[in-house]
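Participant: Sending over a structure as structure tokens; questions will come in a sec.
The values are calculated or read from the model by the stated rules, or taken from the named source; none is laboratory data. None of these values were measured; they are calculated from a predicted model. All Cβ positions, glycine included, derive from the backbone under ideal geometry; neighbour counts span all protein chains shown. When the accessible area is computed, the model is the full protein with side chains, heavy atoms only, and any ligands, DNA or RNA have been set aside. Shrake-Rupley method; radii C 1.70, N 1.55, O 1.52, S 1.80 Å.
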Amino acid sequence: MFKSYSMELAGRPLVLETGKMAGLANGSVLVKYGETTVLVNATASKEPKDGIDFFPLSVEYNEKLYAVGKIPGGFTKREGKPSEKAILTSRAIDRPIRPLFPKDLRNDVVIDCLVLSVEQDCSPEICAMIGASAALSISDIPFGGPTAAVAVGYVNDKIVINPTEEERKNSRLTLTVAGTIEKIAMIEAGADEIPDNTMLEAIKAGHVEIKKICEFISKIKEEIGKPKFEYKSAAVDETIYETIANEFADRMKTDVQTPDKIERDDVLAKLTEDVKAWYVEKFGEEKAEEDKSAIGDALYKLEKKTVRKLILEEGKRVDGRGIYDIRPLSCEVGLIPRVHGSGMFTRGRTQVLSIATLGMVSEEQILDGLDTEESKRYMHQYNFPGYSVGEAKASRGPGRREIGHGALAEKALVPVLPSVEEFPYSIRVVSEILSSNGSTSQGSICASTLALMDAGVPIKKPVAGISTGLITDENDPSKYVVITDIQGIEDFFGDMDFKVGGTKDGITAIQVDIKVDGLSYEIIAEAFERTAKARAYILDEIMAPQIAEPRKELSKYAPKIVNMKISPDKIKDVIGSGGKTINKIIDETGVKIDIQEDGTVFIYSDDSERASRAQTIIEEITREIELNGIYTGKVARIMNFGAFIDLGGGKEGLLHISKISNERVNKVEDVLKIGDEVTVKVYEIDNQGRINLTRKDLYSADAE
């Protein structure tokens with residue numbers, strides 16, 4: 001049965017419709033916000049997926065170019081693989097809803113968000129996040145929501161909910177915040193050095209609207225929501241867990257506190273072998289084989305409980321650090337020859353090598369998405385090979401995690417980059433994860449800052465990143481511990497990965513992943529305080545001694561730039577028919593040339609003489625011939641009445657035989673020959689634009 005529900009959100013109507021489309025999905029909602037329309041469908045398999053120890057949730061955010069009235073490019077004329085923006089949106093939808101499914105659910109759940117139309121003032125990403133929550137809430141899929149999400153901007157020192165396209169252009173903050181009625185469930189932000197307290201106020205302002213949307217969805221659920229289906233639980237067998245815990249809890253506590261990750265992995269692998277052997281001896285091989293999966297689950301649970309209990313009750317971390325302590329840090333710059341800039345940042349067993357490359361402005365990345373951003377000049381890419389975690393695994397290109405971490409580091413550095421007018425280069429930074437034990441995305445922010453400064457990119461301020469974690473008491477959520485600089489095992493078994501990048505003066509990027517039902521304002525405030533102190537320490541004590549500011553000179557391998565300005569009317573003359581003129585300049589000089597619509601010309605070359613030669617040619621082409629102007633040109637043709645002088649830019653002037661010299665000239669050839677370079681003065685431009693030249697009074701008879 002068709003139903004339509006509406007509310008006002010940030011001054012615009014938000015409408016949720018159901019019952020008209022996609023009737024075979026477990027839950028389906030058509031979200032309309034202004035003229036933005038997104039269809040969200042939630043489906044679940046009838047049986048659990050075998051052989052897995054995690055909840056198999058998949059979120060797909062599907063952009064279709066018809067939503068903005070475009071036909072896809074390429075031969076097939078259909079959309080290809082998801083854009084990076086679509087992948088990042090899928091991750092943003094996933095993060096706040098994932099913790100609200102039952103921990104023991106193993107049925108496949110798929111959330112499919114289809115963007116049907118886009119009005120740029122109304123974000124389709126926010127519509128998809130709201131739609132996912134609504135579709136799950138009214139479906140028969142077990143889900144502990146609802147959640148909701150809003151975008152938050154900071155325009156003219158004021159917090160703005162769901163800013164319009166025009167407001168986004170002037171906003172110092174791009175924040176997406178999601179949550180439940182009680183708590184914050186997800187934070188994703190890019191910011192122009194926003195102070196901690198302002199960021200917290202923006203999150204709180206977003207939560208006010210989130211609560212209203214959650215109440216709206218709850219009322220819809222009460223009216224039309226389906227009863228939740230029953231499912232086969234994948235919970236750990238408590239009897240087997242208690243049996244193993246009673247025998248091995250003390251050894252687990254000792255072994256898990258092995259400080260070094262590699263040694264800890266070895267002793268825990270030996271513990272696993274010993275548990276299996278003990279189980280065979282106690283219960284027999286047949287029973288041990290039957291309980292093989294349950295034994296693994298029980299060991300996982302025992303390790304998790306042990307790690308969490310150590311932190312929560314004893315303030316101990318597995319590597320011996322205190323809850324405020326950062327792992328040993330080091331960094332290095334300029335370690336890779338011939339590249340334009342390089343930096344390596346090491347935090348404990350996490351190590352990131354970032355390499356910066358400078359290119360022409362025209363080498364910026366072209367974007368083909370649903371919003372109005374058509375290109376980006378700064379590109380950050382993140383690679384996570386198998387060897388970084390000791391796995392023999394071939395690389396198969398970046399997955400969603402790599403794309404997400406690369407985008408986070410990119411977001412952190414964009415606010416400190418120089419403008420294209422100040423630094424007319426495209427910039428690509430690639431972060432290679434050499435070793436990973438947690439917080440590689442934040443390590444890549446630090447390493448990339450080092451690489452950019454080593455390359456001589458005049459960034460406004462250095463940026464660093466750090467992550468905090470959270471351990472909460474399962475029986476009393478008000479009892480918790482926030483830990484600084486989490487490593488892999490703490491991320492794996494903890495409740496939060498709160499990543500913050502920024503300068504000493506403010507936040508430039510945030511990404512928060514949680515495994516609990518949400519965060520209180522107090523936890524968020526503490527995380528901000530911890531990360532601010534840690535960033536300042538990293539910037540002052542670790543990075544600054546290596547390189548405190550960008551190098552004054554670019555690498556000798558980076559392209560050098562000559563910047564000049566021409567009249568926009570002359571652009572066609574420089575390019576020429578079919579690019580003939582500009583290609584000739586490039587072939588003659590070996591440079592690369594970018595011409596902007598406003599007439600700005602960038603000439604790139606490793607050789608300054610070649611760049612100067614190209615500049616001279618362009619100046620000649622675009623030169624305006626003025627009356628009484630003095631110019632140097634070449635003799636192009638000789639006639640019996642005079643010589644035609646090539647003044648450059650396709651302009652020729654006549655040097656009449658009577659104007660060649662102060663002395664009488666009987667034959668032009670007596671004084672000039674083709675190819676001679678001569679200096680002339682324009683003494684007349686007639687009404688047909690013909691240029692008449694003279695050498696009289698420019699040279700004496702003796703000089704001739």
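Participant: What are the ³J(HN,Hα) values, in whole Hz, obtained from phi via the Karplus relation 6.51 cos²θ - 1.76 cosθ + 1.60 with θ = phi - 60°, for each residue of the range 145-156 in sequence order, with x given for Gly and Pro?
Facilitator: Listing the rounded values in order: x, x, 10, 7, 8, 9, 9, 10, x, 9, 10, 6 Hz.
Participant: Roughly what would the spin-label model give for Val110 and Glu35, points 7 Å off Cα along C-beta, in nm?
Facilitator: 3.2 nm
Participant: 5 Å is the cut-off here: which amide hydrogens, built 1.01 Å from N in the peptide plane, fall below it relative to Ser139, excluding neighbours closer than 5 in sequence?
Facilitator: Lys226
Participant: May I ask you to work out the translational diffusion coefficient for the range 1-40 at 10 °C, viscosity 1.306 mPa s, via Stokes-Einstein with Rh from the Kirkwood sum over Cα pairs, reported in whole µm²/s?
Facilitator: Working: Rh = 10.5 Å.
Calculated translational D: 151 µm²/s.
Participant: With the crude spin-label approximation of a point 7 Å out along Cα→Cβ, what separation in nm comes out for Lys572 versus Glu238?
Facilitator: Spacing of the two 7 Å Cα→Cβ label points: 8.3 nm.
Participant: Helix-only mean residue ellipticity at 222 nm, the chain, DSSP H runs n ≥ 4 weighted -39,500 (n - 2.57), per residue, nearest 500. What is it? Present the calculation step by step, with values, prior to reporting the outcome.
Facilitator: Numbers: 15 runs with 217 residues, N = 704.
Value at 222 nm, helices only: -10000 deg cm²/dmol.
Participant: Another question, then. Once R0 is set to 41 Å, what does the formula 1/(1 + (r/R0)^6) return for the Cβ-Cβ distance between Ala249 and Asp505, expressed as a FRET efficiency to the nearest 0.05?
Facilitator: Details: r = 47 Å, r/R0 = 1.15.
Given R0 = 41 Å and the Cβ-Cβ separation, E is 0.30.
Participant: Related question: Could you sort 245-251, 664-670, 183-189, 335-341 so that the peptide with the highest average Cβ count within 10 Å comes first and the rest follow in order?
Facilitator: Numbers: 245-251: 14.4, 664-670: 12.4, 183-189: 24.9, 335-341: 16.7.
Per-residue mean Cβ counts within 10 Å order the peptides as 183-189, 335-341, 245-251, 664-670.
Participant: Can you tell me how much longer the chain between Tyr300 and Phe492 gets when fully stretched, taken as 0.36 nm per residue apart minus their C-alpha distance, in nm with one decimal? Write out the running numbers ahead of the final one.
Facilitator: Details: separation 192, 0.36 × 192 = 69.12 nm, distance 1.08 nm.
Contour length minus Cα-Cα distance gives 68.0 nm.
Participant: Measuring from a point 7 Å past the Cα of Tyr537 along Cα-to-C-beta, which residues in the range 352-366 have an amide N at less than 20 Å?
Facilitator: 352
Participant: Sort out for me the Cα centre separation of the range 234-271 from the range 363-408, rounded to whole Å.
Facilitator: Result: 36 Å between the Cα centres.
Participant: Still on this model: On the protein heavy atoms, probe 1.4 angstrom, tell me the percent of accessible surface of the range 475-589 carried by carbon and sulfur. Numbers along the way, then the final one.
Facilitator: Details: 2710 of 5390 Å².
Carbon and sulfur: 50 percent of the exposed surface of the range 475-589.
Participant: Give me, ordered by chain and number, the residues 5 or more places off Leu367 or on other chains with an amide H under 5 Å from its own placed amide H.
Facilitator: Correct list: Ser375, Lys376.
Participant: Now, a different point. If I model the range 89-199 as equal point scatterers sitting on the Cα atoms and use the Debye formula, what is log10 I(q)/I(0) at q = 0.15, 0.21 Å⁻¹?
Facilitator: Those come out to -0.69, -1.14, one per q.
Participant: OK, next. Per residue of the range 412-420, what does 6.51 cos²θ - 1.76 cosθ + 1.60 with θ = phi - 60° give for ³J(HN,Hα)? Whole Hz please, x for Gly and Pro, Karplus curve as stated.
Facilitator: 5, 9, 3, x, 9, 6, x, 5, 5
Participant: In addition: If you stretched the chain out fully between Arg623 and Leu312, how much longer would it get, using 0.36 nm times the residue separation minus the C-alpha to C-alpha distance? Walk me through the numbers before you get to the answer.
Facilitator: On the way: separation 311, 0.36 × 311 = 111.96 nm, distance 7.51 nm.
Answer, rounded to one decimal: 104.5 nm.
Participant: D for the range 502-568, whole µm²/s, Stokes-Einstein with Kirkwood Rh over alpha-carbon pairs at 37 °C and 0.692 mPa s: what number? Don't jump to the answer; show the numbers that get you there.
Facilitator: Details: Rh = 16.3 Å.
Stokes-Einstein gives a translational diffusion coefficient of 201 µm²/s.
Participant: Still on this model: To the nearest 0.05, what FRET efficiency results for Ile630 and Ser58 with a Förster distance of 60 Å applied to their C-beta separation?
Facilitator: Values: r = 73 Å, r/R0 = 1.22.
E(calc), rounded to 0.05, equals 0.25.
Participant: Let me ask you something else. Output ³J(HN,Hα) for the range 278-286: one whole-Hz value per residue in order, computed from phi by the Karplus curve 6.51 cos²θ - 1.76 cosθ + 1.60 with θ = phi - 60°, and x for Gly and Pro.
Facilitator: 5, 5, 5, 5, 7, 10, x, 5, 5
Participant: Okay, moving on. Among the listed pairs Lys212/Lys515; Lys46/Lys276; Lys261/Lys552; Lys20/Lys211; Lys103/Lys316, which are separated by more than 31 Å between their Cα atoms?
Facilitator: Working: Lys212/Lys515 23 Å; Lys46/Lys276 33 Å; Lys261/Lys552 40 Å; Lys20/Lys211 27 Å; Lys103/Lys316 27 Å.
Violating the 31 Å limit, Cα to Cα: Lys46/Lys276; Lys261/Lys552.
Participant: Considering only protein heavy atoms and a 1.4 Å probe, what is the carbon-and-sulfur percentage of the accessible area of the range 239-314? List each step's numbers first, then the result.
Facilitator: On the way: 2010 of 4390 Å².
Accessible surface attributable to carbon and sulfur in the range 239-314 totals 46 percent.
Participant: Computed FRET efficiency, Cβ-Cβ of Gln365 and Val280, R0 60 Å: what is it to the nearest 0.05? Spell out each step's value before the answer.
Facilitator: Details: r = 57 Å, r/R0 = 0.94.
E(calc), rounded to 0.05, equals 0.60.
Participant: Let me ask another. Once you have all Cα-Cα distances for the chain, histogram them in 10 Å bins from zero and send the whole-percent values.
Facilitator: Percent of pairs per bin, in order: 3, 12, 19, 20, 16, 11, 7, 5, 4, 2, 1, 0, 0.
Participant: Of all DSSP beta bridges in the chain, what percent run antiparallel (nearest 5)? Please list the in-between numbers first.
Facilitator: Working: 124 of 139 bridges.
Taking every DSSP beta bridge with both residues in the chain, the antiparallel ones total about 90 percent.
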